[in-house]
Amino acid sequence: MSAYRCQGVVDAILPAVRENRLAGCYLIVGERGTGKLAAARYLAQVLICQNKRDGVTPCGICPDCKQIEQGTHVDVPELWPEEEGKRIPVERVREILRENYTLPTSGDRRIFIFPRMELLRADSQNTLLKSIEEPSDGTIYFLLTEDKSKILPTVQSRAVAVSAMGLPKEEMRRYLRKIGCEQERLDEVLVMAGSSPGQAEEYLRDTERAQMREKVLRYFQTVFEHGSFTRLSLIFPPARISRNELYLMLPMMRSGLCDLIAARYGANEDRHFFTDEGFCRDMGSVLSLKSSVELFDLSLELEAALETNVNLYSALAGFHMKAAGLVCED
Ligand SMILES: [Zn+2]
């Protein structure tokens, strides 16, 4: 998990802490890795730490601060899915809200953190809504989500919305240097992680993704050099590639295609796969738009097939054959 904390979120809520006019519920919205959780935990520390400096800065070293930072403080319950991405059942929501019937142990605050609100279905959100509408004294709810559209309008209307924004490019560069990213990988991590510091950290740890990126890059280079799509099966041999590798490869291939299509129309700024602007522009200008779109669709088709019980070898071989039939230039 990323240690990055969204300062924007802290700055938006801190004045209310200082002036003792906190709302009962905050909805913190932002892409994965933009520091929502670290911000919520920090604010919980501000509210609970007994050794604050200047009255507002948590000490960071007392047992309260440490436990909050680790997500283990009894007065700052966090509700996580049992498995990554899995829906959180209503029973677990009820269970955590039962804390409301007891007094906080170390102070007069209880701060609930729901780090993955989008994993709560309507029944769970409605259960939570009842607690938000009738809060116990000193209770604050921090609801975090990557996808605001999955939050019931009734919940949204009860919460103060705060956005967790990613970092602009230059600040991302600074952040990456700070966390020890090698100079020669800066551009690569920037295109792969966009403005999300947490995703950048994740990418830096994930050698498998970096290796896959190399392969996809090599494929695009062969398409460009040979003027044909046929070498896909050499780089991704159907007999030697796993489902998981395909789940890495296919979205990257689509990101690359999007970069190329954008470059064709002169949009070179916001790339999500290629670091080399020149290559992207050269290739974008010669690659058939029709074939690019078709390859994009084929990759979506293959990804959808992976969700079913399809035979991996024949699905991939079919993908290769269809791709090989594409022409490079219009
Ligand atoms: Zn402290």
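The values are calculated or read from the model by the stated rules, or taken from the named source; none is laboratory data. Predicted, not measured: the structure shown is a model, and the values here were computed from it. Positions of Cβ are generated from backbone atoms using ideal geometry, with glycine treated the same way; all protein chains shown enter the neighbour counts.
Can you list the helices (runs of 4 or more DSSP H) lying wholly within the stretch 1-89 that have 3 or more residues being within 12 Å of the ligand (Cβ to nearest atom) and of a type in the set (A, V, I, L, M, F, W, C)?
Qualifying helices (runs of 4 or more DSSP H): 36-48.
Pick from the stretch 200-236 the residues that are polar (S, T, N, Q) and modelled with pLDDT under 95: which of them is nearest to residue 8 (Cα to Cα)?
Taking the candidates together, the pick is 221.
Report yes if residue 29 is β-branched (Val, Ile, Thr) and either farther than 21 Å from residue 159 by Cβ or without any contact (Cβ under 8 Å) to a residue 40 or more places away in the chain (or both), otherwise no.
no
Might you check whether a residue that is closer than 25 Å to residue 151 by Cα and surrounded by 12 or more Cβ atoms within 10 Å (Cβ to Cβ) occurs anywhere in the stretch 55-71?
Scanning the stretch 55-71 turns up at least one residue that is closer than 25 Å to residue 151 by Cα and surrounded by 12 or more Cβ atoms within 10 Å (Cβ to Cβ).
Of the conditions (1) assigned to a helix (DSSP H, G or I); (2) in contact with a helix residue (DSSP H, G or I) (Cβ under 9 Å, 6 or more places away or on another chain); (3) at pLDDT 95 or above; (4) within 16 Å of the ligand (Cβ to nearest atom), residue 92 satisfies every one except a single condition; which number is it?
Of the numbered conditions (1) assigned to a helix (DSSP H, G or I); (2) in contact with a helix residue (DSSP H, G or I) (Cβ under 9 Å, 6 or more places away or on another chain); (3) at pLDDT 95 or above; (4) within 16 Å of the ligand (Cβ to nearest atom), the odd one out for residue 92 is (4).
Go through the stretch 15-44 and count every residue that is farther than 23 Å from residue 146 by Cβ and out of contact with any strand residue (DSSP E or B) (no Cβ under 7 Å at 6 or more places or on another chain).
Selection size over the stretch 15-44: 7.
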